[in-house]
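What follows is a short report on a single structure.
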Amino acid sequence: MTAASNKNLISFLLYFAVGLLVVVILAPYLWLFISSISTKRDLTTIPLRWFPPEPTFENYSRLLLGGTGATDAASQFGRCALNSLIVASMVTLISVFFGSLSAYCLTRINFKGRSTLSFTIIIPQLLPPVALIIPLYLIVRRLGLLDTRFALVMTYTSFILPLVIWLMIGHFRSIPPDIEEAARIDGCSRIGALFRVVLPLVAPGIAATFIFAFIIAWNEFFYALIFSSTQSSKTLSVLVEEFSSKFGEDYVLMSTAGVLASLPPVALALVFQRYIVQGLTAGSVKG
Amino acid sequence: MGSGKGNSLISSFEKKRNVILLLLLPSMVLIFGLLIYPLIYSFYISLLDFNLTRPGVTPFIGLNNYIQALSDGFFLSSLLRTIYFAGVTVSVEIVLGLAVALLLKQKFRGRGLVRGLVILPWALPTVVNGIMWKWIYNANYGALNALLSGMGLIDSYQLWLGEPMRALHSVMFANIWKETPVGVLMILAVLEGISEELYEAARVDGANTWQRFRYITLPLIKPMIGVLFVIKIVWAIREFDLIYIVTRGGPAGGTTVLSYLAYLNGFKFFKMGYASAISYFIIVLAMIIGIPYIISIARSQKEVV
């Protein structure tokens, strides 16, 4: 075999492997999307129609514009999407605000026990949520907060806040302390220097953390499953699961709900990919 | 030393303490109230015969819940299943993750695009991942049956979720699909940091591809692989969502892992004490594996501080 043909073979194998990878990543999700624009009949014929002869977006309008009657699963979609948005935004805002302040404190101010405190922040990442759910459930029930968005915001914060602190510690460390010192010599108070000098510099890090935390909060399922039961707090994650179990076997509507629920995190992750990789490598954290 | 200076020293000390309190306290209160306190409370519950169907009657029974778990065959088989699930999925994810990362390190057209796509499974909500695979595995209309029979690989449609071991492996596959990208991206980040000159020098010295991988790449990515291994095992041990969504722990308990068993006892049988004891077994398991990781983090923290 000549060197040239050897090279061709390697190049062929390379593109073959890449092609295979792309198919494995895309095919399942693509199938979910195709299912969502098919009719029930397309999906239940054997042999299967891999692509609907008449694609339809009818289910998207049914979910997004609301159905008829409150018992109809489709009519819950808008309400649950709103719940997801409110809960994820609140959790992210609270966590990023308090988490940034704490991370600043843990990187910039010297005090006893600081380093111990900074690394114990990673321990919650190792705790199984199921271990926390029982006491949290009993507490939330006693407070009469079951099935409220407030309960979800608080419980999500319990694992997203430590994660945010951990990520923000990394971002604060990447800012040289000299800049802040200079501001303080010029008469800035510590808090003043934090808000006027340090926070603007660390803004890209805050944005990265914000997106990362939002995706994790949006995707959360377990706490929402236990704590929410009606439309007053049910999130999209829980509703989408109900499409596949409770509401008969409507594969088309289920797929449509799945595609819609995944759009915000997928779009954010694809657009801000650099941030996500940063978050994953810095935090070694669960998504 | 004048008294004025001493005063300002004290006041600056107090000021510093106030600043620390102001910055740290809100987070610490939240973390303590929502994490530490529930964790302690959970341990207390695990010592009680606490059944939600008998309100007000919660006798203290010591370690009986733990003893009951250890003498229960279903608990033990769930424990084994958890270890099997975690061990196999994580090993496959890391080997695959390394392979894909090495692939994406090569130069080819459209590399940026493919790298971008890799994040998709990670970003997908667990629920969507779950219903997607449940739909693909569907015995009557699933895409997997249609695909395999279309290719002539199976004669008749299979019940992918109908038999315990097969169902477990189906769920494990779905988990591997979702979790592998984390490893790919993290290993790729390390690979990108390796200087091209190292490989160049090795090439000049006559090292072949395998030797370059074995003596340059592998030692440099080893720490990351170690981190991945620990972190992923811990995540896999606590896996719940996918099992709940795809199989509800069935058929015949064949996919019941510890997290699901704890959920089942707590929220279906209302045995809060027993469920707490099971979840403490998960904590212990996670901590045994996680401690080396925490220690290494602690060390790196000390270095930075």
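Structural remarks
- Against the test of being within 11 Å of another protein chain (Cβ to nearest Cβ) and either surrounded by 15 or more Cβ atoms within 10 Å (Cβ to Cβ) or free of Cβ contacts under 8 Å to residues at least 24 places away in the same chain (or both), the options B:VAL95, B:VAL100 yield a single qualifying residue, B:VAL100.
- Taken over region A:251-265, the criterion of being at the interface with chain B (Cβ under 8 Å from one of its Cβ atoms) and either of a type in the set (Phe, Trp, Tyr) or surrounded by fewer than 20 Cβ atoms within 10 Å (Cβ to Cβ) (or both) is satisfied by A:TYR251 alone.
- The residue list B:LEU76, B:LEU120, B:LEU124 contains one member that is free of Cβ contacts under 8 Å to residues at least 12 places away in the same chain and either outside the structural domain of B:GLY250 (by TED's automatic domain parsing) or within 23 Å of the chain's Cα centre (by Cα) (or both), which is B:LEU76.
- Put simply, of B:GLU239, B:GLU196 the only residue that is among the acidic types (Asp, Glu) and in contact (Cβ under 8 Å) with a residue 60 or more places away in the chain is B:GLU239.
- Close pairs (6 angstrom Cβ cut-off, 6 or more residues apart or separate chains): over 13 Å from B:LEU242 (Cα atoms) in region A:218-231, outside any helix (DSSP H, G or I) anywhere: A:ALA224/A:THR235; A:SER228/A:ASP147; A:SER228/A:LYS234; A:SER229/A:ASP147; A:THR230/A:ASP147
- When each of A:LEU201, A:LEU280, A:LEU194 is tested for being within 12 Å of chain B (Cβ to nearest Cβ), surrounded by fewer than 24 Cβ atoms within 10 Å (Cβ to Cβ), more than 19 Å from the chain's Cα centre (by Cα) and assigned to a helix (DSSP H, G or I), the lone residue that passes is A:LEU194.
- Scan of region A:44-56 for residues that are at pLDDT 85 or above and surrounded by 11 or more Cβ atoms within 10 Å (Cβ to Cβ), ordered by number: A:TRP50, A:PRO52, A:PRO55, A:THR56
- Yes/no for B:TRP235 being more than 10 Å from chain A (Cβ to nearest Cβ), out of contact with any helix residue (DSSP H, G or I) (no Cβ under 6 Å at 6 or more places or on another chain) and hydrophobic (A, V, I, L, M, F, W, C): no
- Residue in region B:184-199 that is facing chain A (nearest Cβ under 9 Å) and within 17 Å of the chain's Cα centre (by Cα) present: yes
- Among residues of region B:254-305 being outside any helix (DSSP H, G or I) and not hydroxyl-bearing (Ser, Thr, Tyr), the one that is farthest from A:TYR137 (Cα to Cα) is B:VAL305.
- Number of positions in region A:239-250 that are surrounded by fewer than 24 Cβ atoms within 10 Å (Cβ to Cβ) and in contact (Cβ under 8 Å) with a residue 24 or more places away in the chain: 4
- Inter-residue pairs, beta-carbon under 7 Å, first within 7 Å of another protein chain (Cβ to nearest Cβ) and in region A:118-138, second basic (Lys, Arg) and surrounded by 23 or more Cβ atoms within 10 Å (Cβ to Cβ), 6+ apart: A:PRO128/B:ARG238; A:PRO129/B:ARG238; A:VAL130/B:ARG238
- If you go through region B:198-213 and keep only what is of a type outside the set (Gly, Ala, Ser) and more than 23 Å from B:THR180 (Cβ to Cβ), you end up with B:LEU198, B:TYR199, B:GLU200, B:ARG203, B:VAL204, B:ASP205, B:ASN208, B:THR209, B:TRP210, B:GLN211, B:ARG212.
- Exclusive hit being under 23 Å from B:ALA298 (Cβ atoms) and either modelled with pLDDT under 90 or in the same structural domain as B:LEU103 (by TED's automatic domain parsing) (or both), set B:ILE233, B:ILE187, B:ILE216, B:ILE245: B:ILE233
- Tallying residues that are crowded, with 18+ Cβ neighbours inside 10 Å and more than 7 Å from chain A (Cβ to nearest Cβ) within region B:134-157 yields 5.
- Every residue from region B:138-182 that is over 22 Å from the mean Cα position of the chain (by Cα), more than 18 Å from B:THR256 (Cα to Cα) and assigned to a helix (DSSP H, G or I): B:ALA143, B:LEU144, B:ASN145, B:ALA146, B:LEU147, B:LEU148, B:SER149, B:GLY150
- Checked against (1) at the interface with chain A (Cβ under 7 Å from one of its Cβ atoms); (2) surrounded by 22 or more Cβ atoms within 10 Å (Cβ to Cβ), B:VAL171 passes all but a single condition, namely (1).
The values are calculated or read from the model by the stated rules, or taken from the named source; none is laboratory data. The structure presented is a predicted model; accordingly, all values stated were derived computationally and were not measured. Here the Cβ is made from the backbone with ideal geometry for all residues, glycine too, and neighbour counts use every protein chain on show.
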